[in-house]
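Written out below as structure tokens is the structure these notes cover.
The values are calculated or read from the model by the stated rules, or taken from the named source; none is laboratory data. A quick note: this is a predicted structure, and the numbers were derived from the prediction, not measured. Here the Cβ is made from the backbone with ideal geometry for all residues, glycine too, and neighbour counts use every protein chain on show. The area values use the complete protein model at the heavy-atom level, side chains included, leaving out ligands, DNA and RNA. Shrake-Rupley method; radii C 1.70, N 1.55, O 1.52, S 1.80 Å.
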Amino acid sequence: MQGYSTILFDGECNLCDGLVTFIIDRDPDKKFKFASIQSDTGKKLIQKCGGDPDNVTTMYVIDGEKCYRA
């Protein structure tokens, strides 16, 4: 177990950027890490979750081997 979850977000979306800042400000134990869906890491993680990295209209939360789409 990694000890953290990864949140994939749209790095071009101001609302998404605001949400990331909101979470970071309230996550003193650093339970979340973040990656833009446009990044190479983000694209690889989306594929791992069975999504299409070229057609993403949602956020992902990856917790261990589980993927959640919002």
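Is the stretch 43-64 home to any residue that is without any contact (Cβ under 8 Å) to a residue 40 or more places away in the chain, on the phi > 0 side of the Ramachandran plot and open to solvent by less than 100 Å² (accessible area, probe 1.4 Å)? The answer is yes, given that some residue of the stretch 43-64 is without any contact (Cβ under 8 Å) to a residue 40 or more places away in the chain, on the phi > 0 side of the Ramachandran plot and open to solvent by less than 100 Å² (accessible area, probe 1.4 Å). Selection of the stretch 18-42 for residues being more than 19 Å from TYR68 (Cα to Cα) and open to solvent by less than 80 Å² (accessible area, probe 1.4 Å) yields GLY18, THR21, ASP27. Can you name the residue in the stretch 6-17 that is in contact with a Phe, Trp or Tyr (Cβ under 8 Å, 6 or more places away or on another chain) and over 11 Å from TYR60 (Cα atoms) and, of all such residues, is least open to solvent (accessible area, probe 1.4 Å)? Here the residue is CYS16.
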